[in-house]
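One structure below.
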Amino acid sequence: MLLVDLLNEKMSIAARKKLAKRAKKNAKKIMRKRAKKMKKKRGSEDLKKAALGQAKRLLMQKIIKKDPADMTIQDKMRFSKKLKPGKIQKVAKKLLPKLKKAEADRAKKMQIAKAEKA
């Protein structure tokens, strides 16, 4: 399932639990891949995914008024019901330039650190 599909889909409790179980099972593998990926500059697709995730967290905080980490499954389902289709993508589009700038700064810092190390 694509990230955009997951963001737009209104998921049942069982589907959410299944997704959480799968994420917990693969957590160590995901962290290793993430650590390896952070050594490289992120591409436009990765930045779009990051923007979608940030947009979803931002809207969760705005609509439910709780930190996404502290939300119950019922809060997340209520968020899915209140959310209008396409809203996450709209907010993500606005966040993308900031993310691109931050990524460019991060890449510059990585180059400087690499040059000092060599």
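Read-outs: derived from the displayed coordinates by stated rules, not from any lab. The shown structure was predicted, so the numbers you read here are calculated from the model rather than taken from an experiment. Please note: Cβ atoms are built from the backbone with ideal geometry, for glycine as well, and neighbour counts cover all protein chains shown.
Miscellaneous remarks
- None of 30, 63 is assigned to a helix (DSSP H, G or I), more than 16 Å from the chain's Cα centre (by Cα) and not aromatic (Phe, Trp, Tyr) except 63.
- In summary, residue 39 fulfils each of the numbered conditions (1) exposed (fewer than 10 other Cβ atoms within 10 Å of the Cβ); (2) assigned to a loop (DSSP other than H, G, I, E, B); (3) within 18 Å of the chain's Cα centre (by Cα) with the single exception of condition (3).
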